[in-house]
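This report refers to the structure that appears directly beneath it.
We did not get these values from a lab; they are worked out from the coordinates using the rules stated. Keep in mind that this is a model prediction, so the values were computed, not measured. Don't worry about glycine lacking a Cβ; one is built from the backbone with ideal geometry, like all the others, and counts go over all protein chains shown.
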Amino acid sequence: MRDFFNGLVLSLGYFTRIPIPYKVEKVSDKSYGYLALTLPLSGVVMGLVTVTLFVWLQAYTNRYFVALLVSVIYLFMYGFLHLEGVADIIDAWHGGHSGKDRYKIMKDPNIGAIGALWTFGLVLIKVASLATLLLSGAYAAVISVLILSRWGVVWMIWLGAFHEASRFIHRMQQALDRRGMVVMTFIVAAVLLLAGYLWLIPVTLVLMFLLYHWLKRTFGFVNGDGLGFVIELSETVLLVGVVFWVT
């Protein structure tokens with residue numbers, strides 16, 4: 001139980017900017033596994049906060065403004081962490097066309113103009129889609145998508161091959177097991193069934209498969225930046241798809 005709790009705390013601490021009062025003193029191998037397995041829970045937490053803020057604040061001012069505001073707050077809740085991966089991946093993709101080392105470009109702390117523009121465009125699409133779903137009252141859809149973008153990445157961590165320097169990912173990968181993956185997937189499927197969005201599970205798996213193989217084919221490796229890119233792109237695609245489905 002302690003390993004599970006530590007893994008949950010680490011998951012929220014690493015992948016969100018929500019204040020966590022508890023500090024993990026020692027991280028066991030099992031905790032790394034639970035860190036990955038509870039990643040979808042961070043989507044649940046941020047989704048519930050996003051929806052609750054919208055429902056609460058719309059009573060006080062223009063609901064269209066609130067929808068945009070809360071959608072941007074969601075980005076703040078995970079510290080724009082995965083958007084950095086988008087910028088790095090796009091810069092490396094474009095830079096590699098000229099024969100430059102894509103891994104070095106990816107690890108450069110500076111962001112190029114192309115990466116910044118792509119990331120800005122993605123943010124606009126994501127915020128517009130999220131705001132539209134909130135205004136439509138599709139709260140279950142919002143939470144479902146935030147869960148699935150992270151659930152799919154856990155499967156990618158378990159089944160994928162990653163760059164040798166991605167030690168954090170390797171620690172999580174080595175600690176994952178079949179039983180944990182089955183239990184996590186069963187819980188996610190049950191939540192999606194109750195929400196009415198079970199059909200998004202196969203869509204998510206197809207997206208993860210395509211994005212993983214695009215990264216492998218383009219760069220020859222997948223690393224933490226790649227996982228952040230996958231979370232952001234899959235989440236945006238799913239949000240846009242659900243907007244067309246719901247509205």
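Quick notes
- Contact order relative to length of segment 2-246, as percent, for alpha carbon pairs under 8 angstrom and 6 or more apart: 27
- In straight-distance terms, cross-link reach from residue 126 covers every one of the lysines whose alpha-carbon lies under 26 Å from its own, apart from those fewer than eight places away in the same chain; here that gives 107, 216.
- Here the chain is assigned +1 on the Cβ of each Lys and Arg and -1 on the Cβ of each Asp and Glu. Its dipole about the Cα centre then comes out at about 280 debye.
- Inter-label distance for residue 120 and residue 216, nm, one decimal - labels placed 7 Å from Cα along Cα-to-Cβ: 3.5
- Here's how it looks for residue 160: its modeled amide H is under 5 Å from none belonging to a residue 5 or more places away or on a different chain.
- Here the calculated FRET efficiency for residue 28 and residue 186, from their Cβ-Cβ distance with R0 = 25 Å, stands at 0.55, rounded to the nearest 0.05.
- Per-peptide packing, taken as the mean over residues of other Cβ atoms within 10 Å, places 200-211, 103-114, 5-16, 136-147 in the sequence 136-147, 5-16, 200-211, 103-114 from highest down.
- Annotation for segment 43-92 versus segment 93-128: alpha-carbon center distance of 21 Å.
- Simple label model, 7 Å out from Cα along Cβ direction - residue 63 to residue 193, nm: 3.2
- Short to long, the 5 Å bins of the Cα pair-distance histogram for the chain hold 1, 6, 13, 17, 19, 18, 13, 8, 3, 1, 0 percent of all pairs.
- Segment 1-115: C-alpha gyration tensor shape, a/c 1.5 cut-off, then a/b vs b/c: oblate
- Within straight-line cross-link reach of residue 26, aspartates and glutamates at Cα separation under 13 Å, skipping those fewer than 8 residues along the same chain: 3
- With each label modelled as a point 7 angstrom along the Cα→C-beta vector, the residue 168-residue 1 pair spans 3.0 nm.
- For segment 2-246, the residue among 35, 200, 61 whose Cα projects farthest onto the positive side of the dipole built from Cβ charges is 35.
- Taking 90, 18 and counting other C-beta atoms within 10 Å, the order from fewest to most: 18, 90
- Kirkwood-Stokes translational diffusion coefficient of segment 76-174, alpha-carbon pairs, 4 °C, 1.567 mPa s, µm²/s: 83
- For segment 79-91, the Karplus equation 6.51 cos²θ - 1.76 cosθ + 1.60, evaluated at θ = phi - 60°, returns couplings of x, 6, 4, 6, 5, 4, x, 4, 4, 5, 5, 5, 4 Hz by residue, with Gly and Pro reported as x.
- Residues in segment 52-67 carry Karplus couplings, in order, of 4, 4, 5, 4, 6, 6, 5, 6, 10, 7, 4, 5, 5, 5, 4, 4 Hz; the curve used is 6.51 cos²θ - 1.76 cosθ + 1.60 with θ = phi - 60°, and Gly or Pro positions show x.
- In this structure, the amide hydrogen of residue 17, modeled 1.01 Å from its nitrogen in the peptide plane, lies closer than 5 angstrom to those of 78, 79, counting only residues at least 5 positions away or on a different chain.
- Local electrostatic count at residue 106 - Lys and Arg +1, Asp and Glu -1, tallied over other residues with Cβ under 12 Å: -2
- Fewest-first sequence of 91, 3, 101 by Cβ atoms within 10 Å of each Cβ: 101, 3, 91
- Estimated purely from DSSP H runs of n ≥ 4, each contributing -39500 (n - 2.57), the mean residue ellipticity at 222 nm for the chain is -26000 deg cm²/dmol once divided by its residues.
- Summing +1 for each Lys or Arg and -1 for each Asp or Glu among the other residues whose beta-carbon sits under 13 angstrom from that of residue 242 gives 0.
- 10 Å Cβ shell holding at most 14 others, DSSP loop, GluC sites (Glu not before Pro): longest site-free stretch of the chain: 26-163
- Segment 51-175, relative contact order [Cα under 8 Å, separation at least 6], %: 24
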